[in-house]
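Undergrad: Take a look at the following structure, please.
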Amino acid sequence: MSLRAKLLEAANALMSALRASRKTRVISGTALGLSLVAFGAAGVAPIAPDAADLPVTLVVEELPLPDLNTQIASLSPAVGQFIAEERVRPGDNLSALLERLGVNDPQAAQFIRSDAEARSLLGLRPGRRLQATVDADGRLLSASALLPEHRDELKRLVIERGAAGFTARQLPVAPDMRVEMRAGEIRSSLFAATDAAQVPDAVAMQLVEIFSSDIDFASDLRKGDRFQVVYETVWQDGEMVRTGRVLAAEFRNGGKTFQAIWFGPRDASAKDGGYYDLHGKALKKAFLKSPLPFSRVTSGFAMRVHPISGQWKQHKGIDFAAPTGTPIRATGDGVIEFAGNAGGYGNMVVVRHGAMYSTAYAHMSRIAARRGARVAQGEVIGYVGSTGWSTGPHLHYEFRVNNEARNPDSISVQHAVALAGAELQRFRQVAADMGHRFSLMAGDAVQVAAR
């Protein structure tokens, strides 16, 4: 319908409205007026042009091409450079390692052997990674390797070729600390169980040290015993470089549950910390349960036939069978009272623990302590042997009260002082977190988690 026809139709509607009642005329007139405004707006508003009818203008502009020589020059430093990475293999020497990296550079090999810093490469253990940048002629341009052997901090060895020759330096590396959790069950031995649970040997040894006052891991373990452990690991470049401290552990042995949580004062060194149970009671006792971490008792504190004299007499000590050279630990803090040959006892060390207690370690192959020296609990003071009146390698251990041999199992010793006050409150926060982790690992299935 054209605009003219629409206007005529609106006029006719107006005439009809005038003939209607007054109220009807008002309403109809208002509606008609609005309609006329709308039609008028439609008639006045411009119609947008079709895009296809718009004029098209072609613009041509010449752009300068980059200079080919300039592009080649910018790429020239990287042309012919290769980055290689290899892991150190058992029995590797420097020549074999450099050959696998594609390095054919006598000058670089000589520098690594002679420079004090660069020589650290020669001490890399199997499994460690070495990265090298080599040119097309096999010349070493740079090399780097992580040196995790530094216990206190990680360092990276960097070797670079410059205009004046090679330089080597060790740079500190920020480690990536992680907390891992493992759980396992004893089926044959502790280390078989920790291997099955993917617990590193260094962590397994810490478990032995933590619970050595309560568990003799040579004789007390039972099939079905379970353990849970939370420990630190240090990572760099996506691989674990070493383990850290055990933060918490739980060991269920023979129906008893032993728990340990590491805790230390704020802003204190590691030596000021220690292990406590969930209630803040120190685990460290005055004496270890055994001077050897892994051994078997061949003769206890009882009457027996002496293996050499053949006489029936009291055996005033405990004999532990172990291979020659096995380290012997002091069972408590003290001072070396005697270190030397003691006739039938052979090479012997006696440690004085205050005015009342002393411990004796006999038949050593070698003594590793001197008289008057202070020793800490767990410190090595000698090695298992068969000196004196002995029929084979073993350790004869005596626990003495007022210089009289007593059965160590009959002696009750006190724990260290428990936490109290503000330190106890702070410890409870740590214990709550570790208790939650224990609950995550509890259950029928052995669970493994990492954070």
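Undergrad: Going by how many other beta carbons lie within 10 Å of each one, how would you line up H394, H279, fewest first?
TA: Numbers: H394 25, H279 12.
Lowest count first: H279, H394.
Undergrad: What order do you get for D137, D319, D433 when you list them from fewest to most C-beta neighbours inside 10 Å?
TA: Values: D137 8, D319 23, D433 13.
Least crowded to most crowded, the residues run D137, D433, D319.
Undergrad: How high is the relative contact order of the range 81-173, given as a whole-number percent (alpha carbon pairs under 8 Å, six or more residues apart)? Spell out each step's value before the answer.
TA: Details: 167 pairs, mean separation 25.0, N = 93.
Value for the range 81-173: 27 percent.
Undergrad: From the phi of every residue in the range 154-163, what ³J(HN,Hα) in whole Hz does the Karplus formula 6.51 cos²θ - 1.76 cosθ + 1.60 yield, where θ is phi - 60° and glycine or proline is x?
TA: Listing the rounded values in order: 7, 9, 10, 7, 10, 10, 9, 8, x, 5 Hz.
Undergrad: Same structure, new question: May I ask you to list the aspartates and glutamates whose Cα is less than 20 Å away from that of K155, ignoring any residue fewer than eight positions away on the same chain?
TA: E85, E86, D115, E117, D176, E232, D237, E239
Undergrad: Could you give me the ³J(HN,Hα) list for the range 356-363, computed from phi with Karplus coefficients 6.51, -1.76, 1.60 and θ = phi - 60°, whole Hz, x at Gly and Pro?
TA: Listing the rounded values in order: 9, 9, 8, 10, 10, 10, 10, 6 Hz.
Undergrad: Here's a follow-up. Sort 353-360, 178-185, 58-65, 325-332 for me by packing, meaning the mean count of neighbouring Cβ atoms within 10 Å per residue, highest on top.
TA: Working: 353-360: 17.2, 178-185: 19.1, 58-65: 4.6, 325-332: 21.0.
Output ranking for 353-360, 178-185, 58-65, 325-332: 325-332, 178-185, 353-360, 58-65.
Undergrad: Here is a follow-up. Taking every pair of distinct Cα atoms and averaging 1/r, then inverting, what Kirkwood hydrodynamic radius in Å comes out for the range 81-173?
TA: 13.2
Undergrad: While we're looking at this one, here's another question. Quick check: the distance between the Cα centres of the range 352-401 and the range 83-161, to the nearest angstrom?
TA: The two parts, judged by their Cα centres, are 45 Å apart.
Undergrad: Provide the net charge surrounding I336, with neighbours chosen by a C-beta distance below 9 Å and charges set as Lys +1, Arg +1, Asp -1, Glu -1.
TA: Numbers: positive: R352, R370, R371, R374; negative: E337.
Result for the local shell: +3.
Undergrad: Of the options L395, A355, G344, report the single residue whose Cα projects farthest towards the positive end of the charge dipole of the range 296-410 (beta-carbon charges: Lys, Arg +1; Asp, Glu -1).
TA: G344
Undergrad: Here's another thing I want to ask about it. May I ask you to evaluate 6.51 cos²θ - 1.76 cosθ + 1.60, the Karplus curve with θ = phi - 60°, for each residue of the range 214-219 and list the ³J(HN,Hα) values in order in whole Hz, giving x for glycine and proline?
TA: Result, ordered by residue: 10, 10, 8, 5, 8, 10 Hz.
Undergrad: Would you calculate the separation in nanometres between label points at N407 and Q81, each defined as 7 Å from the Cα along the Cα-to-beta-carbon direction?
TA: 7.6
Undergrad: Would you please give the residues with an amide H less than 5 Å from that of N253, counting only those at least 5 places away or on a separate chain, with H modeled from the backbone geometry?
TA: Under 5 Å from the amide H of N253 lie the amide H atoms of F258, each far enough along the sequence or on another chain.
Undergrad: Can you list residues whose amide H is under 5 Å from N347's amide H, if they're 5+ apart or on another chain and H is modeled 1.01 Å from N?
TA: Result for N347 returns A342, H363, M364, T387, G388.
Values in this text are rule-based calculations from the coordinates and carry no lab data. Here the structure is a predicted model, which means the values were calculated and not measured. Every residue, glycine among them, receives a Cβ derived from its backbone with ideal geometry; neighbour counts consider all protein chains shown.
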